[in-house]
There are 2 protein chains.
Amino acid sequence: MPLNERAELLLKLLIHRYISDGHPVGSRTLARETGLDISPATVRNVMADLEDMGLIESPHTSSGRVPTAQGYRVFIDTLLKVRPLTNDAIAEIEDRLYSDQDPQRILSTATDILSRITKFAGVILLPRHQHTGFKQLEFLRLSARRVLVILVTSDGGVQNRVLATDREYTESELIEASNYFNSTYHGQSLEQVRHILLNDMQHDSDEMNRVMKTAVQVAQKMFDADRVEESDVLLSGEENLLTVPEFSQLGKLRELFDTFKTKQDLLELLAKSMAATGISIFIGDESGYHALNECSVVAAPYEVDGRSIGTLGVIGPTRMDYADVIPIVDVTARLLGSALGTLDSDDIAGESVS
Amino acid sequence: MPLNERAELLLKLLIHRYISDGHPVGSRTLARETGLDISPATVRNVMADLEDMGLIESPHTSSGRVPTAQGYRVFIDTLLKVRPLTNDAIAEIEDRLYSDQDPQRILSTATDILSRITKFAGVILLPRHQHTGFKQLEFLRLSARRVLVILVTSDGGVQNRVLATDREYTESELIEASNYFNSTYHGQSLEQVRHILLNDMQHDSDEMNRVMKTAVQVAQKMFDADRVEESDVLLSGEENLLTVPEFSQLGKLRELFDTFKTKQDLLELLAKSMAATGISIFIGDESGYHALNECSVVAAPYEVDGRSIGTLGVIGPTRMDYADVIPIVDVTARLLGSALGTLDSDDIAGESVS
DNA sequence: CCTTAGCACTCGTATTATCAGAGTGCTAAG
DNA sequence: CTTAGCACTCTGATAATACGAGTGCTAAGG
């Protein structure tokens with residue numbers, strides 16, 4: 001069931017039209033739109049075909065047609081010409097991303113950029129720390145039984161956590177411990193470190209001296225806590241969705257915001273995008289999540305050193321201007337990747353992970 | 001213009017009734033409600049008086065009456081009997097707040113508690129670090145020109161920031177610097193430290209050795225950055241407001257969420273509450289912020305060691321059940337204070353701030 | 001002087017009817 | 001295959017209507 005040229009043209013025009021003014025579009029309008037000398041009746045025939053193929057539908061017996069998720073899919077995959085960003089726009093994104101040194105803040109800047117430019121919600125799947133390198137671990141004694149553990153990763157990220165310890169450690173024990181730890185695990189990936197730690201815990205503790213045990217125990221706790229953490233998704237600009245006419249029913253909106261709050265579904269969806277290469281687009285119910293029924297998600301992984309470490313994207317109504325949104329997501333992902341990469345290469349020679 | 005007993009009773013009943021079902025309440029309903037043998041006409045006379053006093057108003061010429069902001073004010077100040085929390089409920093809040101060691105997370109748990117229980121939005125003004133004590137500053141060399149600065153405060157809080165430095169510092173310089181810094185400023189309040197730092201910068205640098213300068217410069221940067229930071233307000237449960245009938249107009253809602261996003265107004269409002277003692281309640285436009293027109297904010301400062309260090313509260317529609325919300329805010333503030341205080345006293349003897 | 005019954009009046013809301021406009025599907029002719 | 005014509009459907013706006021709830025006022029009664 002290949003589309004002939006005219007059907008393609010009409011589908012494309014219909015979607016453009018629908019995206020730009022949001023009303024179902026009828027045969028007369030569409031006939032005028034083509035520029036060709038073609039009558040509404042003819043258009044109606046073609047539209048009937050498109051409807052049979054499941055690409056468009058009419059909300060009511062007699063109002064114009066509206067694209068279905070499948071219609072958008074065909075449109076995006078085969079008909080869409082994206083509208084590249086101007087150099088100015090690119091430079092502006094770049095400026096904002098490069099104006100900070102702290103990876104955590106850069107990431108949140110990225111979602112902010114996405115939501116501000118698109119006027120929808122920006123979302124980002126934070127880097128999975130398993131794939132980044134271990135760089136440094138420091139212990140700071142806060143009080144008798146509370147130790148602050150600071151983990152520095154090769155991408156310049158810093159995490160800290162206050163741990164309640166089982167027994168009291170002295171200042172010097174902790175220093176020794178961190179020295180031991182840093183020299184032992186230097187240059188490994190976090191994933192590897194975690195594995196080794198697990199092993200070390202299984203070997204009976206006799207082989208290890210007390211200091212090693214200290215370090216391992218404390219670090220183990222830290223890694224454990226890190227795994228549980230579900231703050232892996234950052235969202236911003238949700239408020240933009242309030243004024244999107246598609247979401248004018250408060251019930252829908254509530255459902256959507258609840259989904260945003262738990263983040264679980266978003267996380268899974270973005271994980272899918274990360275597994276793919278390039279831009280992923282989930283249209284309407286394609287995502288499989290009920291709350292995202294009327295939403296589309298445009299996402300792209302961002303890479304450092306040629307490896308995808310996370311995904312960012314935009315969540316908006318299915319009726320969004322893909323030609324605009326796609327390049328924005330694309331460019332932001334690239335620039336974010338290189339902004340993070342820059343931090344990386346800023347490391348002292350010899351400390352980068354192989 | 002004092003209210004006689006019957007007028008008070010009627011105002012109270014009217015507000016209760018309005019709070020519970022949201023419809024303007026008329027004379028017949030109210031007459032029935034009293035239990036007294038009183039006719040609707042009599043009630044109407046009283047209502048007319050109350051309207052003259054500005055305590056109630058009718059949305060339209062002929063529908064029942066609704067309390068005005070001023071009416072709520074009188075109600076809350078003189079007529080309201082709060083509904084204390086059950087011991088179970090208190091214990092539950094306590095459990096959640098005490099189940100964590102990290103002040104940052106405890107604070108965010110607090111807003112979560114507020115929003116979950118009240119079904120409105122929870123908000124918290126984070127502790128003003130100026131008033132807490134300085135405890136420890138550590139420098140960690142990340143790369144040639146990037147230093148991680150870790151500031152530990154006496155309340156157990158940890159802040160870290162990556163700084164790009166003007167020149168390269170060696171590992172040992174940094175250690176010396178932090179030693180110098182920690183011994184010099186030990187036990188001072190952050191406020192004091194900041195002041196001394198400012199002074200130190202003004203004295204011509206000749207009097208200071210290089211290490212001192214290092215520490216001061218880096219710390220100065222850190223404090224500066226901290227001051228600018230406007231992440232002083234934490235909000236949660238905004239999505240609860242989506243289903244509040246009062247906010248069914250998307251325009252209003254959008255305005256509200258924008259206010260939430262910038263946080264500036266909330267910050268000012270909560271600052272007012274912190275200046276007061278005990279529960280503050282801002283009803284409707286009393287707050288002075290247009291977006292909060294139809295909202296009330298119930299807030300209470302939380303104290304550690306008898307000193308208010310922040311404020312938490314609930315943002316909901318003016319028509320909220322104050323009898324429930326007030327004790328929730330009150331109890332949460334108290335428990336949060338003591339939860340944070342516990343962390344404090346956990347410090348090793350001699351390290352607490354006088 | 002306070003209370004109350006009665007009554008006319010005002011609005012808001014829901015229901016219904018009506019009508020114009022937009023669009024469709026079908027048929028038959030070019 | 002295209003197109004004109006036509007009957008039909010459905011939406012949305014507008015107006016008419018009726019109804020219910022509630023008010024304010026007045027006048028009578030305690």
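The values are calculated or read from the model by the stated rules, or taken from the named source; none is laboratory data. Quantities reported herein were computed from a predicted structural model and do not represent experimental measurements. Every residue, glycine among them, receives a Cβ derived from its backbone with ideal geometry; neighbour counts consider all protein chains shown.
Numerical summary
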read-out	value
Hits in segment A:103-148 (condition: of a type in the set (Lys, Arg) and surrounded by fewer than 22 Cβ atoms within 10 Å (Cβ to Cβ))	A:ARG105, A:ARG116, A:LYS119, A:ARG128, A:ARG141, A:ARG145, A:ARG146
Residues of segment B:42-60 satisfying the condition of being more than 6 Å from DNA strand D (Cβ to nearest atom) and over 24 Å from B:PRO317 (Cα atoms)	B:THR42, B:VAL43, B:ASN45, B:VAL46, B:ASP49, B:ASP52
Where B:ASP37 falls short, out of the listed (1) touching a residue at least 24 places away in the same chain (Cβ under 8 Å); (2) farther than 22 Å from B:THR78 by Cα	(1)
Failed item, numbered, when B:PRO127 is tested on (1) within 12 Å of the chain's Cα centre (by Cα); (2) assigned to a helix (DSSP H, G or I)	(2)
In segment A:33-44, residue farthest from DNA strand C (Cβ to nearest atom) [restricted to those that are among the hydrophobic types (A, V, I, L, M, F, W, C) and loosely packed, with under 15 Cβ neighbours inside 10 Å]	A:LEU36
Restricting segment A:237-270 to residues that are without any contact (Cβ under 8 Å) to a residue 40 or more places away in the chain and under 22 Å from A:ILE113 (Cβ atoms), the residue that is surrounded by the fewest Cβ atoms within 10 Å (Cβ to Cβ)	A:THR243
Segment B:284-326, subset among the β-branched types (Val, Ile, Thr) and assigned to a helix (DSSP H, G or I), residue surrounded by the most Cβ atoms within 10 Å (Cβ to Cβ)	B:VAL325
Flag if B:ILE15 is of a type in the set (Val, Ile, Thr) and in contact with a strand residue (DSSP E or B) (Cβ under 9 Å, 6 or more places away or on another chain)	yes
Hits in segment A:95-124 - residues which are farther than 15 Å from A:ASP232 by Cβ, within 18 Å of the chain's Cα centre (by Cα), part of a helix (DSSP H, G or I) and of a type outside the set (Lys, Arg)	A:LEU97, A:ILE106, A:THR109, A:ASP112, A:ILE113, A:LEU114, A:SER115, A:ILE117, A:THR118
Residue within segment B:20-32 that is outside any helix (DSSP H, G or I), without any contact (Cβ under 8 Å) to a residue 12 or more places away in the chain and more than 10 Å from DNA strand C (Cβ to nearest atom) present	no
Residue check for A:HIS16: within 13 Å of DNA strand C (Cβ to nearest atom) and either of a type outside the set (S, T, N, Q) or surrounded by fewer than 17 Cβ atoms within 10 Å (Cβ to Cβ) (or both)	no
Segment A:253-290, residues that are at the interface with chain B (Cβ under 10 Å from one of its Cβ atoms) and of a type in the set (Lys, Arg)	A:ARG254, A:LYS261
Qualifying residue in segment A:45-68 (condition: part of a helix (DSSP H, G or I), more than 14 Å from chain B (Cβ to nearest Cβ), within 11 Å of DNA strand C (Cβ to nearest atom) and more than 40 Å from the chain's Cα centre (by Cα))	yes
Some residue of segment A:85-101 being at pLDDT below 95 and surrounded by 18 or more Cβ atoms within 10 Å (Cβ to Cβ)	yes
